[in-house]
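Peer 1: Dumping the structure here so I can ask a few things about it.
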Amino acid sequence: MTRQELELLSREQLIELVLTQAQMIAALTRRVEELERRLNEPPKNSRNSSVPPSRDRKANRPERPPGTRREASVGRAGGGRKLHPNPDRTVEAKAAACPHCAASLTAARQHPMTRYDKIELPPVRPVVTRVVLHGGQCPCCKTAFVAPAPAGLEPGSPFGASVVAMAVYLRAAHHIGFERLAATFGHIFGLTISEGALVGMIARTKARFEHSADGILAQLRHARVIGSDETSARVRGRNWWQWVFQNPALCLHVIRPSRAAAVPAAVLAGHCPDVWVSDLYSAQRGHGADWQICLAHQLRDLQFAIDAGDSIFAPRLKALIKHAIDIGHRRPALAPATLKQYRHKLERCLDAIMVTQPTTKDGRRLRKRYLAERSHLFTFISDPEVPPTNNGSERDLRPSVIFRKVTNGFRSEWGAHCYAAIRSVIDTGRRHNIDPFDAVRRTLAGNPVYAIAEPS
């Protein structure tokens with residue numbers, strides 16, 4: 001607005017204009033302050049936040065100087081692969097003549113000097129069994145008949161149990177979508193299977209895996225320690241949530257349209273474990289008689305406060321929590337009375353830290369948090385079954401995050417529930433040293449892995 005235009009305005013109009021501009025200046029000032037604060041904040045990475053390591057900026061690895069050799073791998077003296085304990089065949093190579101003077105040599109003068117293995121994969125091709133059912137007319141009653149199908153060779157789907165198990169395994173354990181799964185069967189096994197046939201094949205396994213998941217759930221509802229976490233899932237183009245409930249013996253995945261506390265409440269069906277292990281998300285609270293806050297999350301938050309400039313509160317509390325975790329690693333060798341003493345000392349050290357005044361906003365925010373939640377920091381010290389972190393739950397969800405990125409989610413609700421049941425079987429089996437493929441085969445054969453986890 002020009003000077004001439006301003007001179008034409010009344011006093012009231014001028015006052016209104018000044019007030020409006022004052023509001024705009026105040027808003028812009030706040031915006032500038034917010035932008036300056038963001039510029040001064042340290043960048044978030046996997047060390048100081050929940051940002052995954054895959055998003056960290058990777059520094060270039062220094063090149064190895066020419067002529068230098070790579071060090072042998074840890075645990076391998078001189079490097080090399082261990083010999084197979086049971087080779088399929090052994091080839092004995094003996095010299096017919098001396099390589100130096102060409103003198104003839106006999107086998108009796110030679111002995112083993114070195115051994116090594118050569119490993120090959122045999123050609124992989126499907127084995128097709130043609131079933132011919134004979135029949136005719138009974139000479140006695142004159143009724144037509146057809147011979148019954150041999151066990152395991154019944155009519156219906158042409159694909160046998162090993163094909164089904166491989167499809168389930170590649171889909172759930174290796175995050176392969178149906179299009180690439182069909183291509184994999186064609187390229188590796190020489191077997192033509194349409195995407196629709198693969199979908200139907202996995203759909204027919206749903207009852208078996210859900211039966212196993214129900215068995216895992218039944219045991220979980222008697223567990224005294226449960227860790228839980230959740231991550232987003234896409235189902236029919238909508239945002240759902242995949243939850244995991246686990247302990248050292250069991251793992252249950254469920255996919256639900258909600259992230260609310262009603263989900264774990266429904267899963268537990270009134271069961272209240274002695275200790276619940278989770279992050280600070282509100283829906284994860286109140287499901288156990290006691291609670292262990294994930295200390296891995298707290299260490300990252302404290303590191304962010306340190307990076308933001310807090311030099312008193314955050315460094316001291318981070319060091320205390322790391323010391324507590326170290327004590328937790330030694331719990332099997334410590335007597336209950338010793339652990340009780342350690343817990344008492346940790347609480348006294350925490351008292352001394354909590355009276356200090358943080359030097360930054362992030363430090364003050366964390367101090368306020370721990371004033372409210374301090375009783376849940378060291379629950380694991382006096383209970384050997386309780387882990388100090390919720391890393392177990394995060395590890396169980398990591399394959400599903402990869403699956404979501406690769407496949408972009410599920411086209412149907414039944415597919416989501418079937419996947420959750422399969423992951424429950426695989427992750428429970430892994431806790432009992434059952435590899436994923438074997439866990440899938442056991443379940444399809446009617447031998448659920450949850451039976452291994454049953455208490456004696």
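The values are calculated or read from the model by the stated rules, or taken from the named source; none is laboratory data. In this text, all values refer to a predicted model and were calculated from it rather than measured experimentally. No Cβ is skipped: glycine too gets one built from the backbone with ideal geometry, and neighbour counts run over all protein chains shown.
Peer 1: For the range 343-362: of the residues being touching a Phe, Trp or Tyr at 6+ places or on another chain (Cβ under 6 Å) and over 20 Å from Cys294 (Cβ atoms), which is surrounded by the fewest Cβ atoms within 10 Å (Cβ to Cβ)?
Peer 2: Top of the filtered list is Thr356.
Peer 1: For the subset of the range 244-266 comprising residues that are in a helix (DSSP H, G or I) and within 20 Å of the chain's Cα centre (by Cα), which member is farthest from Asp427 (Cα to Cα)? Before the answer, list the steps.
Peer 2: Restricting attention to the range 244-266, the residues satisfying the condition of being in a helix (DSSP H, G or I) are 262-266.
Next, only the ones that are within 20 Å of the chain's Cα centre (by Cα) stay: 263-264.
On the way: Val263: 20, Pro264: 19 Å.
Ranking the qualifying residues of the range 244-266, first place goes to Val263.
Peer 1: Go through the range 102-114 and give me each residue that's without any contact (Cβ under 8 Å) to a residue 12 or more places away in the chain and not in a loop (DSSP other than H, G, I, E, B).
Peer 2: Ser104, Ala108, Arg109, listed by residue number.
Peer 1: Output the number of the condition that Thr129 fails; it satisfies all remaining conditions of (1) among the polar types (S, T, N, Q); (2) closer than 30 Å to Lys82 by Cα; (3) in contact (Cβ under 8 Å) with a residue 24 or more places away in the chain.
Peer 2: That leaves (2) as the condition not met.
Peer 1: Follow-up question, since we're still on this one. Could you grab the pairs with beta carbons closer than 6 Å, sequence gap of 6+ or different chains, first residue in the range 357-375 and over 18 Å from Tyr281 (Cβ atoms), second one of a type in the set (A, V, I, L, M)?
Peer 2: Thr359/Ile312; Thr360/Ala308; Asp362/Ala305; Asp362/Ala308; Gly363/Ala305; Gly363/Ala314
Peer 1: So which of Pro388, Pro358, Pro384, Pro455 is of a type outside the set (Lys, Arg), assigned to a loop (DSSP other than H, G, I, E, B) and at pLDDT 95 or above? It would help to see each step written out before you state the result.
Peer 2: Values: Pro358 fails: at pLDDT 95 or above; Pro384 fails: at pLDDT 95 or above; Pro455 fails: at pLDDT 95 or above.
Step by step, each of Pro388, Pro358, Pro384, Pro455 is checked, and only Pro388 is of a type outside the set (Lys, Arg), assigned to a loop (DSSP other than H, G, I, E, B) and at pLDDT 95 or above.
Peer 1: If you scan the range 245-258, which residues turn out to be farther than 23 Å from Asp383 by Cβ and surrounded by fewer than 17 Cβ atoms within 10 Å (Cβ to Cβ)?
Peer 2: Within the range 245-258, Pro257, Ser258 qualify.
Peer 1: Sort out which residues of the range 120-169 are among the charged types (D, E, K, R) and either surrounded by 10 or more Cβ atoms within 10 Å (Cβ to Cβ) or within 22 Å of Phe185 (Cβ to Cβ) (or both), and write them in order of number.
Peer 2: Within the range 120-169, Glu120, Arg125, Arg130, Glu154 qualify.
Matching residues to (1) closer than 18 Å to Leu397 by Cα; (2) out of contact with any strand residue (DSSP E or B) (no Cβ under 7 Å at 6 or more places or on another chain):
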position: Ala197; (1), (2): no, yes
position: Ala213; (1), (2): yes, no
position: Gln219; (1), (2): no, yes
position: Ile226; (1), (2): yes, no
position: Val244; (1), (2): yes, no
position: Leu250; (1), (2): yes, yes
position: Ala262; (1), (2): no, yes
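Peer 1: On to the next question. Of the residues that sit in the range 279-313 and are closer than 18 Å to Ala265 by Cβ and touching a Pro at 6+ places or on another chain (Cβ under 8 Å), which one is surrounded by the most Cβ atoms within 10 Å (Cβ to Cβ)?
Peer 2: So the residue we want is Gln284.
Peer 1: Have a look at Lys340, Lys322 and point out the one that is touching a residue at least 40 places away in the same chain (Cβ under 8 Å) and either crowded, with 19+ Cβ neighbours inside 10 Å or at negative phi (or both).
Peer 2: The match here is Lys340.
Peer 1: In this structure, is Trp241 farther than 24 Å from His432 by Cα, in a strand (DSSP E or B), among the hydrophobic types (A, V, I, L, M, F, W, C) and out of contact with any Pro (no Cβ under 7 Å at 6 or more places or on another chain)?
Peer 2: For Trp241, the condition - farther than 24 Å from His432 by Cα, in a strand (DSSP E or B), among the hydrophobic types (A, V, I, L, M, F, W, C) and out of contact with any Pro (no Cβ under 7 Å at 6 or more places or on another chain) - is met.
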